[in-house]
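Q: My questions will all concern the structure given below.
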Amino acid sequence: MSREKIIKRVRALLEKNQENGATEAEAMAALQKANQLMLEYYISENDISDPYIGEKCIMKEVPLIKSGYDLGIFYNDLTRLFDCEYFYNSKRIAFFGFEEDTELCAYFYNLIVKTCLKEKDLYLKSSEGKEALFFYHGRTVSSSFIKGFLIKVSYKMEEMYKNKVSNLPEQTGLMVIRKEAKVKEQFDSMNLKIKATKTDFTYTQMGLNAGLQKGEEFHLTQGIKQHQQDNTLRID
């Protein structure tokens, strides 16, 4: 029997009490059995209260936005922030985790990429962009801007993750760690053959700096509020 099933059994035993219709003798016997299992399998009270025990992760797939440029710089920080795993191919990107988290990953993937590409186009039409195009090839300027934008957004997500973890109460922090472990365990169990990719960090300073500046202006918290508002409107 797996550890998860043992924990579920302990929970069921602890719920067998007089308030739920059990006799005093039945409740005492259930409590003794629960204590025995907890000692035998090193199960703590935190394990019993873990809301993720028995929960199944899901796969959320969305079309990969085609741009002709490497957009994968921020994927690791995005999925870590929302406790997910991911993989992608030439047609789609898949986020794996608990349902609400995968929805957030998919939402922010689209928001970040579309905003980045829109800002890149605006930059190329600006006086600063035209100056950069005078010295460098258009594709080099574009890829440099995209790198700068996504690097800055990734940095913001990394800081948000650190703040999230450091500000959690100890018990809640343990739950987050268990949640991350649960997602990774279920993801690894699929035995997917995933190859790591490397990002080309060739860039022009002019394009990179412009991208960094626009990335700094991108507000992730506003995106979260908009996502919550959209979900509320759907429910209504």
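Q: For the pair residue 90 and residue 122, what calculated FRET efficiency results from E = 1/(1 + (r/R0)^6), where r is the Cβ-Cβ distance and R0 = 30 Å, to the nearest 0.05?
A: 0.65
Q: With label points built 7 Å along Cα→Cβ from the Cα atoms of residue 36 and residue 185, find their separation and express it in nm.
A: Between residue 36 and residue 185, the simple spin-label model gives 2.4 nm.
Q: Return the long-range amide H neighbours of residue 93 (sequence gap of 5 or more, or a different chain), with a cut-off of under 5 Å between placed amide H atoms.
A: When sequence neighbours closer than 5 places are left aside, the close amide H contacts are 62, 64.
Q: Is there a pair in 60/120; 5/91; 8/152; 66/125; 16/164; 130/156 whose C-alpha atoms are over 32 Å apart, and which pairs would that be?
A: Long pairs (Cα-Cα over 32 Å): 5/91; 8/152; 16/164.
No lab work stands behind these numbers, since they all come straight from the coordinates. This is a predicted model, so every value here is computed, not measured. Quick reminder, even Gly has a Cβ in these numbers, built from the backbone with ideal geometry, and neighbours come from all protein chains shown.
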